[in-house]
Amino acid sequence: MTDAAPPTYAAPPPGPNPVALAIAYDLVTRYRLRLADQRDGRLGELLGHYVLAAAMWNGPRAALVGFYEPPADPAAAGPDLAARCDAARRWGQSRIHEQGAQVCDILLVALGPLAGTLSAATTPGDPVRLGVAWVDTVNANAGAVLPIPPGMPPVGELRARARAVHDGAPTPTLAAVDLAERQAVAGGYVAPVRRAMVTQPYLTYALIAIFVVIWVLEYTTLTLHPTSSSPDICSWGALPNAVFYPAFGQSPACGVTWWRFVSSAFLHDPSNVYHVLFNSIAMLFIGRLVEQLYGRLVLLGAFLITAIGGGLLWVAVSTFAPSLPGITPTSISLGASGGIAGLIGLLLMVGRVQGKNVPVGITHTVRNYAVTVIVLNVVLTFVFGPSLDINNYAHIGGLACGALLGCILPPIMSIGGRDHRIVEKIVLWGAIAFSAVALLFALLNLATAIMHPLPPITG
């Protein structure tokens, strides 16, 4: 039997260092890393060499933060760290190959002071970005030996956690960190998507309102109270095909002009209320998903770009293959369905190239929904196509453009995407500015047709 320890003796807490646990708590709650089991084979040659580790195992970014106890002999600390750096770089390369990640960020944290610097810094363009930091758990200090990669805790944050533990702040246990990780996965990954899905899609509502208001004006002037001097649908901005011939009272000045690729997307058949009704309903269900998952900038920019793409395919087909079904000398293209098809194509690609960190259940649900809409659209085309005069070429062009945009544009960051790059913002805002100018030209053309009506075509 042994004597009890004196009251002044404080046994070290079991498990990892308290400072490492405090930092790990931030890693799983704020940086979206997951605790790495020391028996996990994905650690490879790093297995068993770190007292605590957190990693990101999937998505376009691999990551690892490993805590280790440096050798007590300063002469041995340098070679030990160099060997750890070499092993970490090899592990990063293997994760890029196995995970399909674009970049791998690694931060090695020594739980003790390290003197000197390393010359083996990460070279620009290297997909494996390695940083080394140290935390003095006794003197509550921290520093960096190699620059810390972006998206990792900076030195100031490491120092703050060390000081908090040193000053007696409550320290989480390993079980508490594990529980926080599970809560972060359940609430921090899925809850942002749920919150996004209940936000009000005001831009979607605004687009629907624009469609309806313009259609009411068309219906009033062209169907309800037509006059001999009323501008026809072509003067409103509809897009004719490349072999268009004036007929049925349509203006001889109606040609394939550049601004019609935009203006035609906001027009609908004034004699058929189902045209604007179906497109408004489709925009309500498709547009709101895009606005909630991708944001308003992508919704508006993608709608305009894909509407233009659908119009371009329509004109190209009528130019090089005018004998194909659905193309007649007097057929014109109008309606928002080309742009809506583009939004469907965008949703069809969610999580495949961009936004791989979006929860899998969400991406599967959205993609299945997009496929269902495409199938219903095909059925609608075969059943009601002749009566509704559906322009399948604009639909196909818009869908293809939307799928291409989906390979480039990410969902919003809060649900697992990323922020837009500068070039992406320039393209989206450029499409919006181009469309604004095009609509201005369409308005001027309509005003000219009203003030200077052309005589009806005879013969």
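The values are calculated or read from the model by the stated rules, or taken from the named source; none is laboratory data. Note that the structure is a prediction, hence the values are computed from the model and not measured. Here Cβ is always computed from backbone atoms with ideal geometry, including for glycine, and neighbour counts include all displayed protein chains.
Just a few scattered comments:
- Scope region 405-426; condition among the aliphatic types (A, V, I, L, M) and either in contact with a Lys or Arg (Cβ under 6 Å, 6 or more places away or on another chain) or surrounded by fewer than 17 Cβ atoms within 10 Å (Cβ to Cβ) (or both); matching residues: ILE408, MET413, ILE422, VAL423, ILE426
- Residue in region 18-59 that is surrounded by the most Cβ atoms within 10 Å (Cβ to Cβ), counting only those that are among the acidic types (Asp, Glu) and under 25 Å from GLY100 (Cα atoms): ASP40
- Scanning region 56-78 for residues that are closer than 16 Å to PRO149 by Cα and either touching a residue at least 60 places away in the same chain (Cβ under 8 Å) or under 23 Å from the mean Cα position of the chain (by Cα) (or both) turns up MET56, PRO60, ARG61, ALA62, ALA63, VAL65.
- Filtered by the rule that a residue be small (Gly, Ala, Ser), touching a Lys or Arg at 6+ places or on another chain (Cβ under 6 Å) and in contact (Cβ under 8 Å) with a residue 24 or more places away in the chain, region 133-158 gives a lone residue, ALA140.
- Helices (runs of 4 or more DSSP H) fully within region 352-458 that include at least 1 residues being modelled with pLDDT of 90 or more and closer than 20 Å to HIS275 by Cα: 392-406.
- Region 309-351: number of residues that are part of a helix (DSSP H, G or I) and not β-branched (Val, Ile, Thr): 19
- Scan of region 400-436 for residues that are under 14 Å from GLN354 (Cβ atoms), touching a Pro at 6+ places or on another chain (Cβ under 8 Å) and among the small types (Gly, Ala, Ser), ordered by number: GLY416, GLY417
- Region 325-338 residues that are within 16 Å of GLY397 (Cα to Cα), paired with ones that are among the acidic types (Asp, Glu) (beta carbon under 9 Å, 6 or more apart): GLY326/ASP389; LEU334/ASP269; GLY335/ASP269
- Qualifying residue in region 120-139 (condition: at pLDDT below 90, farther than 26 Å from ALA22 by Cβ, in the same structural domain as ILE23 (by TED's automatic domain parsing) and touching a Pro at 6+ places or on another chain (Cβ under 6 Å)): no
- Number of the exception - TRP91 against (1) within 22 Å of PRO16 (Cβ to Cβ); (2) surrounded by fewer than 19 Cβ atoms within 10 Å (Cβ to Cβ); (3) in contact with a helix residue (DSSP H, G or I) (Cβ under 8 Å, 6 or more places away or on another chain): (2)
- Unmet requirement for PHE211, which otherwise passes all of (1) at pLDDT below 85; (2) out of contact with any Pro (no Cβ under 7 Å at 6 or more places or on another chain); (3) aromatic (Phe, Trp, Tyr): (1)
- Qualifying residue in region 224-234 (condition: out of contact with any His (no Cβ under 8 Å at 6 or more places or on another chain), in a helix (DSSP H, G or I) and at pLDDT below 80): yes
- Residue in region 312-321 that is touching a Lys or Arg at 6+ places or on another chain (Cβ under 9 Å) and surrounded by 22 or more Cβ atoms within 10 Å (Cβ to Cβ) present: no
- Residue check, THR306 surrounded by fewer than 18 Cβ atoms within 10 Å (Cβ to Cβ), among the polar types (S, T, N, Q) and either more than 26 Å from the chain's Cα centre (by Cα) or outside any loop (DSSP other than H, G, I, E, B) (or both): no
- Unique match (being under 21 Å from MET152 (Cβ atoms), in a helix (DSSP H, G or I) and modelled with pLDDT under 85) among ARG42, ARG32: ARG42
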